[in-house]
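The values are calculated or read from the model by the stated rules, or taken from the named source; none is laboratory data. The structure presented is a predicted model; accordingly, all values stated were derived computationally and were not measured. All Cβ positions, glycine included, derive from the backbone under ideal geometry; neighbour counts span all protein chains shown.
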Amino acid sequence: MSYMRNEQDIRSQGVYYSAGLRSYLIKVYNYMALALGVTGLVAFLTVFSGLFQVIYSNPVLPFVVMLSPFALVFYMYYRIQNLSAQSTITIFFLFSALMGLALSYIFVIYTAENIARAFFITSIMFGSMALYGNTTKKDLTSMGSFLIMGLWGLIIAFIVNLFLGSGPLYFAISFISVIVFTLLTAYDAQQIKDVYYRYNDGSEVVATKLAILGATTLYFDFIIIFKHLLRLLSLLNSRD
């Protein structure tokens, strides 16, 4: 983006950005919460309307459903400067609906009790770390860099386990993923504030686009924590 502001300008408009930042953060978390609601509703309706059976009875459709949300997000990031605020919002909610299709299997393979429990725990963990990231005066950049390295390690371990099929490694990946993405939530929450100060030019259009990008980042953090925590709870319950 070409909305860079120098730090002196930012400090000189501290009161303006204080009010603007609050409004921006409210947008970020409202968009994220709405997107999670859309994802959950679409996932539920996909299973209980019979659409799930249609998708998974076709050898190609499951791959299309799994990959299409990520393709849409890449498109949004790549075209963000040229998109209008309304187009960005539309793409974001279309992405969340497609994620609902991709995650609909959760209602098939996990119990309602485990889904509710995982969602409740994830909400507490995510909310606590997001609040910390938004309020702490400590610079979390070094922690974020370390966690991103850990993320790459998780990706490699996941690929290796596709061939090994190891249950203990699968459990370890899920456990570490919950920790890494819970901590990343704090880092991302702080980065979202920094991005606002760095790129916002005072216009509503730019603030909306930045809010959507921030909501997308936090949405992924929440979903990944939730998915891996759900797996852990399911594995633990199966051992009882």
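Can you pull out the residues in segment 58-74 that are closer than 24 Å to ALA112 by Cα and not hydrophobic (A, V, I, L, M, F, W, C)? Walk me through it before giving the result.
Of all residues in segment 58-74, those closer than 24 Å to ALA112 by Cα come to 62, 65-66.
Hit for segment 58-74 is PRO62, nothing else.
Tally the residues that are assigned to a loop (DSSP other than H, G, I, E, B) and among the β-branched types (Val, Ile, Thr), restricting the search to segment 69-103. Lay out the reasoning, then the answer.
The first filter runs over segment 69-103 and keeps only residues assigned to a loop (DSSP other than H, G, I, E, B), leaving 80-84, 103.
Among the residues that remain, those that are also among the β-branched types (Val, Ile, Thr) are: 80.
Of the residues in that region, 1 qualify.
Taking LEU140, is it touching a Leu at 6+ places or on another chain (Cβ under 6 Å), of a type outside the set (S, T, N, Q) and modelled with pLDDT under 90? Lay out the reasoning, then the answer.
Numbers: touching a Leu at 6+ places or on another chain (Cβ under 6 Å): no; of a type outside the set (S, T, N, Q): yes; modelled with pLDDT under 90: yes.
Here the answer is no, as LEU140 does not meet what is asked.
Look at segment 19-68 and say how many of its residues are under 19 Å from THR208 (Cβ atoms) and not in a helix (DSSP H, G or I).
Result for segment 19-68: 0.
Can you confirm whether VAL108 is under 27 Å from SER68 (Cβ atoms), touching a residue at least 60 places away in the same chain (Cβ under 8 Å) and surrounded by fewer than 16 Cβ atoms within 10 Å (Cβ to Cβ)? So that I can check it myself, show each step before the final result.
On the way: under 27 Å from SER68 (Cβ atoms): yes; touching a residue at least 60 places away in the same chain (Cβ under 8 Å): yes; surrounded by fewer than 16 Cβ atoms within 10 Å (Cβ to Cβ): yes.
Spelling it out, VAL108 is indeed under 27 Å from SER68 (Cβ atoms), touching a residue at least 60 places away in the same chain (Cβ under 8 Å) and surrounded by fewer than 16 Cβ atoms within 10 Å (Cβ to Cβ).
Condition test on VAL205, is it exposed (fewer than 14 other Cβ atoms within 10 Å of the Cβ) and either in contact with a His (Cβ under 6 Å, 6 or more places away or on another chain) or at pLDDT 85 or above (or both)?
Numbers: exposed (fewer than 14 other Cβ atoms within 10 Å of the Cβ): yes; either in contact with a His (Cβ under 6 Å, 6 or more places away or on another chain) or at pLDDT 85 or above (or both): yes.
Yes, satisfied.
For segment 138-170, give me the residue count where each residue is more than 18 Å from TYR187 (Cβ to Cβ) and surrounded by 15 or more Cβ atoms within 10 Å (Cβ to Cβ).
Residues of segment 138-170 that are more than 18 Å from TYR187 (Cβ to Cβ), as a first pass: 156-170.
Of the ones still in play, those that are also surrounded by 15 or more Cβ atoms within 10 Å (Cβ to Cβ) are 157, 161, 170.
Residues flagged as more than 18 Å from TYR187 (Cβ to Cβ) and surrounded by 15 or more Cβ atoms within 10 Å (Cβ to Cβ) within segment 138-170 amount to 3.
Can you run down the residue pairs with Cβ atoms below 6 Å, 6 or more apart or on separate chains, where the first is in segment 43-67 and under 13 Å from VAL108 (Cα atoms) and the partner is outside any helix (DSSP H, G or I)?
ALA43/LEU103; ALA43/SER104; THR46/SER104; VAL47/SER104; PHE52/SER104
Does GLY133 meet the test of being in contact with a helix residue (DSSP H, G or I) (Cβ under 7 Å, 6 or more places away or on another chain), closer than 20 Å to SER177 by Cβ, surrounded by 13 or more Cβ atoms within 10 Å (Cβ to Cβ) and small (Gly, Ala, Ser)? Step through it out loud before you land on a result.
Values: in contact with a helix residue (DSSP H, G or I) (Cβ under 7 Å, 6 or more places away or on another chain): yes; closer than 20 Å to SER177 by Cβ: yes; surrounded by 13 or more Cβ atoms within 10 Å (Cβ to Cβ): yes; small (Gly, Ala, Ser): yes.
Yes.
Could you tell me whether segment 37-55 includes any residue that is in contact with a Lys or Arg (Cβ under 9 Å, 6 or more places away or on another chain) and modelled with pLDDT of 90 or more?
Let us first name the residues in segment 37-55 that are in contact with a Lys or Arg (Cβ under 9 Å, 6 or more places away or on another chain), namely none.
Checked segment 37-55: no residue is in contact with a Lys or Arg (Cβ under 9 Å, 6 or more places away or on another chain) and modelled with pLDDT of 90 or more.
Could you list, in sequence order, all residues of segment 136-161 that are under 30 Å from PHE44 (Cα atoms) and either in contact with a helix residue (DSSP H, G or I) (Cβ under 8 Å, 6 or more places away or on another chain) or not in a helix (DSSP H, G or I) (or both)?
Looking only at segment 136-161, we keep the residues that are under 30 Å from PHE44 (Cα atoms), and these are 151, 154-155, 158-159, 161.
Within segment 136-161, LEU151, LEU154, PHE158, ASN161 meet the criteria.
Can you say whether PHE175 is in contact (Cβ under 8 Å) with a residue 60 or more places away in the chain, in a helix (DSSP H, G or I) and farther than 29 Å from THR208 by Cβ, as far as the supplied structure shows?
Working: in contact (Cβ under 8 Å) with a residue 60 or more places away in the chain: no; in a helix (DSSP H, G or I): yes; farther than 29 Å from THR208 by Cβ: yes.
No.
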